[in-house]
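To start, the structure itself, in structure tokens.
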Amino acid sequence: MVKKNTEKKGSREIQQGRRDFIVVASYAMAGIGAAAVAWPLIDQMNPAADTLALASIEVDISKIEVGQAITVKWRGKPVFIKHRTEGEINSAQSVELSQLKDPQSDVERVINPKFLVMVGVCTHLGCVPLGQKTGEIRGEYNGWFCPCHGSHYDSSGRIRKGPAPLNLEIPPYQFASNSLIKIG
Amino acid sequence: MSADKFSNPVVRWIDHRLPIFSFMDHELNEYPTPKNLNYFWNFGSLAGVSLVIMIVTGIVLAMSYTPHVDHAFQSVERIMRDVNHGWLLRYIHMNGASFFFIVVFIHIFRGLYYGSYKAPRELLWILGVLILLLMMATAFMGYVLPWGQMSFWGATVITNLFSAIPFIGDSIVTMLWGGFSVDNPTLNRFFALHYLMPFLIVGVVILHLVALHRFGSNNPIGIDPSGPQDTVPFHPYYTIKDFFGLSVFLSLFAAAIFFFPNFMGHPDNYIPANPMQTPAHIVPEWYFLPFYAILRAVPDKLGGVLAMFGAIAVLFILPWLDRSPIRSGNFRPIFRIFFWVFLADCIALGYLGGMPAEGIYVVLSRVATAWYFLHFLVILPLLSVIETPKPLPQSLSKSVLGGTAMAGAASAVKEKM
Ligand code: HEM
Ligand code: FES
């Protein structure tokens, strides 16, 4: 009798263990299934194929006078192209890296030091900084100034003062010829 | 059984199968309500009416609105000029958002003063804070729809807040945009969500009311009704009072719509969105200004974002920060002073959020932000320990009738009846 009882109990324990396993396994499967169904619902929000395809533009820079800047639209954002003066290049190159919040030398930020090409979007919360047109405020470092929350960028587009954490972004670009650049 | 209450046989037939009439009778007619509620208790029903107004005008606006970057601005101008009564519908919807926030802010400060967030109403309070969050998201997305300069740059700045999240921030922002900047996919999804979220609010409001009716309304004295002598049936006493409050509210609302429809808006939003140029001075809608001030007060990007969301998050845990067993501020002499200081602090934050972020405004924003958190995280927990409250009245009836011996006798007589 006693023996039989323990046997029974043992097999029940085994059964219990099997049940637990089945329960956990089915929860896990249901979880994976739910995640697999949720993913398309979430991922549809990411950029669509045609949005991604809009990725590159060509710009003629031969008409930009020294000291002038133009703004072009790339991926829905403004891109600043500035033909810098000697003075601006010199002051950008002579800054000590230790003075910078996001240390980067001017050389790293240009292909041809005369032309500074960068995304004209403040790295704080995305406003377009002032300083492209003559007469606009250019901030304390004679580059660009974001009026939204007061970020100052220097003549290399590096953040010098204010809440923005990073330098203005350099988009991927190359010189197709001396007067033509391809952005993206 | 309960169907016997109704004399109309059709109502009786239905109620027996679907007790909807019993439910309404129970929750809106006989529902016992403290008899000492003051006018601050009108704002809950006003919030409900505002939500209905927003949904009704929103749905009819959606019949003429086009969620496309090339047409959105024009379609709103067409609503204003050509669609029959379109100007009225849009002005109701536009000012309705502001009035909704005015009502809800008063409703919240009512709760803060009278301790309505305390046991057993913690979940009721938390559901309310959730409604506030959903309202903010809804209003933010709605403001993007007319696709003016403020729409566009408001959307840009607010969505960029998420880029402060370490590592995954930029991917989240790209996903919110559906592209590389705020653009047509963003406008489309904001319209879809702006349509959806008010109905989510309706769902949470229903839960809010279920939680409310579990223990009934708090009251200016903050002690529980001790029996039927302390309450009156909701109908007709509070239905009539709510209707009176509603008529005052609607008069003010109508005055704004007909005489100052653009007073609370920003003129820059009548300039079509231009992704290449940020307006010189961007500000959010007035109801976001206190939170915007907190965002800008912190000199660090991530820190500012955390502080701004923290300002709401702290409301969720308020029931556990203020441990004082006394609900009503009327009986808490020190709390009461700090309550008014806190209200002034919030108004100051609202003012500072609208000023440029420079000079003295930055300093003041920082002080006001620090005080906001100090109030919740230090002052309230401390007060619950050190403050000696004033003696509480014995019952609601006593406090209503002046608490004299006569009044006591009167209520004692009533009690017997
Ligand atoms: C919680 C309720 C709601 C709030 C707080 C709210 C808020 C707003 C705000 C602030 C605007 C911008 C008004 C302007 O400056 O022109 C707006 C626009 C709009 N809303 Fe709502 N809304 C709500 C419910 C709804 C609902 C349920 C719909 C239904 C589809 C809707 C449809 C629209 C449409 C089509 C516009 C664009 C037209 C316009 O700008 O006037 N809204 N909403
Ligand atoms: S967006 Fe440029 S400083 Fe905030």
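The values are calculated or read from the model by the stated rules, or taken from the named source; none is laboratory data. Since the model is a prediction, treat every value here as computed from it, not as a measurement. Virtual Cβ from ideal backbone geometry, glycine too; neighbours counted across all protein chains shown. Calculation scope for accessible area: heavy atoms of the full protein, side chains included, ligands and nucleic acids excluded. Shrake-Rupley method; radii C 1.70, N 1.55, O 1.52, S 1.80 Å.
Side notes on the structure shown:
- Long-range amide H partners of A:Gln68 with built H, under 5 Å: A:His83
- Helix A:2-43 vs. chain A, principal-axis angle (Cα, 0 to 90°, nearest 10): 20 degrees
- Efficiency of FRET from Cβ geometry, B:Ile165 and B:Phe373, R₀ 35 Å, rounded to 0.05: 0.95
- Taking a Cβ cut-off of under 15 Å around A:Arg138, the surrounding Lys, Arg, Asp and Glu residues balance to a net charge of +2, with basic ones at +1 and acidic ones at -1.
- Among the helices of chain B, those built from whole DSSP H runs whose Cα atoms reach 18 Å or more along their own axis and whose mean Kyte-Doolittle hydropathy is at least -1.0 are B:43-62, B:86-114, B:122-144, B:184-215, B:234-259, B:301-316, B:333-353, B:360-374.
- Remark: spin-label model distance B:Arg214-A:Gln174 equals 6.5 nm, labels positioned 7 Å along the Cα→Cβ axis.
- Among residues other than B:Ile20 with Cβ under 15 Å from its Cβ, the summed charge is 0 (Lys and Arg +1, Asp and Glu -1).
- Its alpha carbons considered, the range A:3-94 gives a radius of gyration followed by a Dmax of 33.0, 101 Å.
- Counting only trypsin sites (Lys or Arg not before Pro) that DSSP places in a loop and that have at most 15 other Cβ atoms within 10 Å, the longest clean stretch of chain A runs over A:1-62.
- Legend: Rg and Dmax of chain B, from Cα coordinates, 24.1, 76 Å.
- Near-label residues of the range A:88-112 by backbone N, under 14 Å of a point 7 Å along Cα→Cβ of A:Glu140: A:100-101
- Taking label points 7 Å from Cα along the Cα-to-Cβ direction, A:Val107 and A:Glu86 give a separation of 2.1 nm.
- Reduced Cα scattering model of the range B:1-151, Debye log10 I(q)/I(0), q = 0.16 Å⁻¹: -0.97
- Descending semi-axes in whole angstrom, ellipsoid equivalent of the protein assembly as shown, from the Cα gyration tensor: 53, 32, 28
- Note: the range A:78-124, Cα convex hull, 78 Å³ per residue.
- Using R0 = 51 Å, the C-beta based FRET efficiency linking B:Arg81 and B:Ser226 works out to 0.25.
- Using a cutoff of 8 angstrom between alpha carbon atoms and counting only pairs six or more residues apart, the relative contact order for chain B works out to 22 percent.
- For a 4.7 Å threshold on C-beta separation, the list of partnerless cysteines in the protein assembly as shown reads B:Cys346.
- Inter-label distance, nm, simple model (7 Å from Cα along the C-beta direction), A:Glu96/B:Glu122: 5.5 nm
- Chymotrypsin sites (Phe, Trp or Tyr not before Pro) restricted to DSSP loop in the range B:158-263 with at most 13 other C-beta within 10 Å: B:Phe167, B:Phe263
- Of the residues B:Val182, A:Val23, the one with the largest accessible area comes first in the ranking A:Val23, B:Val182, computed with a 1.4 Å probe on protein heavy atoms.
- Calculated FRET efficiency for the pair A:Ala53/B:Val11, C-beta based, R₀ 56 Å, to 0.05: 0.35
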